[in-house]
1. What is the calculated FRET efficiency for S133 to R295, with r their C-beta to C-beta distance and R₀ = 45 Å, to the nearest 0.05?
2. Using alpha-carbon positions, what is the distance between the centroids of the stretch 1-27 and the stretch 132-147, in Å?
3. If you stretched the chain out fully between L126 and E62, how much longer would it get, using 0.36 nm times the residue separation minus the C-alpha to C-alpha distance?
4. Can you give the helix-only mean residue ellipticity at 222 nm for the chain, where every DSSP H stretch with n ≥ 4 adds -39500 (n - 2.57) and the sum goes over all residues, rounded to the nearest 500 deg cm²/dmol?
5. At 1.4 Å probe radius, can you tell me the per residue accessible area of the stretch 6-87 in Å²?
6. Quote the FRET efficiency, to the nearest 0.05, computed for L28 versus R53 with a Förster distance R0 of 25 Å and r equal to the Cβ-Cβ distance.
7. How much length is gained if the chain between S242 and D18 is pulled fully straight, taking 0.36 nm per residue apart and subtracting their Cα-Cα distance, in nm to one decimal?
8. Compute the normalised compactness of the stretch 6-87: alpha-carbon radius of gyration over 2.2 N^0.38 Å, N being the residue count.
Amino acid sequence: MSRLNYHHLYYFWRVATDGNLTRVAKALHVSQSALSAQIRQLEESMEVTLFDRRGRGLTLTEAGQRVLAYAQDIFAKGEELEALLRRGVEPSVQTLRIGVLSTMSRNFVKALVAPLLQNASVRMNLYSADLVSLLDGMTKHRLDLVLSNVNVVSDNHLDAAQQQLWQSQLLARQPVSIVGPARDKPNQGFPEGYREKAWILPGRSSDIRTAFDGFCAMWNLDPVVRAEADDMAMLRLLTRDSGALSVLPPVVVRDEIEQGTLVEYLPLPNVFESFYAITVKRQFMPEALASLLARPALDVLVPVPGHD
């Protein structure tokens, strides 16, 4: 029976987590050809293909993803052993690297990850970026999880091969409403009380904006749009400070509603913002991450005054 060469496994682990053969070879002070040869020896000894080599790019195969999951555990335990021998203390902290789509509601993210802050055995790293950058981080195994309000499995901007890389789980849905200043709430219903109002709306690429435009068309309302913003945090600030109306999940302006600055005017019928957890399709998942994603939606959503 052949024995696993952990030196070769270490080289594989470094390349798989970095994603760049040349950079890793330089960091390890070995030639690129020697590094590549030792990874090939690992593949031959295990009788699997770990990387899909296309041009200069390296993409993990399904077998490579499984081996990487083991390698991460193996070398994490090695670091713990080294710390134990050097300092007499056994570290038992698991690090979760979570990417957050920059346009998402911060209140939702805070509610979702709150249990991790109470878990002394988990350290959390949060990264905010656009979806393409986050998915690239997942591909290179720099992130364990991506939180998004876009379902990448059905995203038309991704080809079929890209979509097959991901596993998308619906975490929760939040209702979307017309929100505005408490002092200016219309006395008449929609659309009569809203025709002269100024609006700050999500960008035209947003599903919320598409739904609102359809709602306005149904009622023959042409809203006066003063500004558009894709970022929920920016929508919150502009709505709070401008006196204009906006269309967003009330949880985004939860603090302002509690303080009485803003009021929910009208829920949009059958319009929701959905939140997804995106992971790489793989067999193994960190225990803390699995527990986080198993939480019921009602435990994740932040209560908003006036909502049951």
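The values are calculated or read from the model by the stated rules, or taken from the named source; none is laboratory data. Predicted model, so just to flag it, every value in this text is computed and none were measured. Neighbour counts are summed over all protein chains in view; Cβ atoms, including those assigned to glycine, are modelled from backbone coordinates with ideal geometry. Side chains included, ligands, DNA and RNA excluded: accessible areas come from the protein's heavy atoms. Shrake-Rupley method; radii C 1.70, N 1.55, O 1.52, S 1.80 Å.
1. In this case the efficiency is close to 0.95.
2. Cα centroid to Cα centroid, the span is 20 Å.
3. Value of the extension gain: 20.4 nm.
4. Values: 12 runs with 127 residues, N = 308.
So the calculated ellipticity at 222 nm is -12500 deg cm²/dmol.
5. With the other protein chains kept in place, the stretch 6-87 gives 63 Å² per residue.
6. 0.80
7. Values: separation 224, 0.36 × 224 = 80.64 nm, distance 4.52 nm.
The S242-D18 span can extend by a further 76.1 nm.
8. For the stretch 6-87, the normalised Cα radius of gyration comes out at 1.13.
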